[in-house]
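Here's the structure we're looking at; comments come further down.
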Amino acid sequence: MALSDDENRILREIEAQLENDRKFARAVSAGGMYRAPARRMWWALVGAVVCLVATVLALQYHFIAGFVGFIGMLACAMVVEREARAMGRTGIKDLAETLRRASLAGRAEGRDDA
């Protein structure tokens with residue numbers, strides 16, 4: 001079913017508004033959709049490393065303190081696993097490609113300055 005002239009005009013207006021909205025474009029780009037889960041995954045990995053160090057240090061004082069650090073590390077690992085599942089294989093591939101492109105762009109800019 002064809003659109004009426006009025007509907008076509010409204011559709012063109014919406015398309016024009018979306019083309020000019022950079023925040024929206026960034027949010028729905030391949031890298032933008034997975035930015036929040038990737039950030040949570042990154043902080044959970046940092047938390048796991050911190051908890052590992054805390055566990056080793058706490059074991060010198062008391063095994064209960066070491067156990068608390070281990071539980072923290074386990075919780076961080078569960079967050080990493082949950083976020084990886086939420087992103088899925090496609091999300092992780094898209095994020096890796098986005099990071100790769102950003103890395104290559106950064107290297108190219110660095111060469112121009114030299």
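The values are calculated or read from the model by the stated rules, or taken from the named source; none is laboratory data. The shown structure was predicted, so the numbers you read here are calculated from the model rather than taken from an experiment. Cβ placement follows ideal geometry from the backbone for every residue including glycine, while neighbour counts extend to all protein chains displayed.
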Requiring at least 2 residues that are under 30 Å from S103 (Cα atoms) and either of a type in the set (D, E, K, R) or in contact with an Asp or Glu (Cβ under 6 Å, 6 or more places away or on another chain) (or both), the helices (runs of 4 or more DSSP H) wholly within segment 1-92 are 22-28, 35-58
Taking first residues from segment 81-97 that are of a type outside the set (G, A, S) and second residues anywhere that are surrounded by 12 or more Cβ atoms within 10 Å (Cβ to Cβ) and at pLDDT 85 or above, the pairs with Cβ under 6 Å that are 6 or more apart or on different chains are E83/R40; E83/M41
Restricting attention to segment 100-114, the residues that are within 21 Å of W42 (Cα to Cα) and outside any helix (DSSP H, G or I) number exactly 0
Take E97 and decide whether it is of a type outside the set (V, I, T), closer than 28 Å to D21 by Cα and either in a helix (DSSP H, G or I) or under 12 Å from the mean Cα position of the chain (by Cα) (or both).
-> yes
message: So, D94, is that one modelled with pLDDT under 90 and loosely packed, with under 12 Cβ neighbours inside 10 Å or not?
response: no
Scanning segment 39-63 for residues that are within 14 Å of the chain's Cα centre (by Cα) and surrounded by 18 or more Cβ atoms within 10 Å (Cβ to Cβ), the one nearest to A86 (Cα to Cα) turns out to be M41
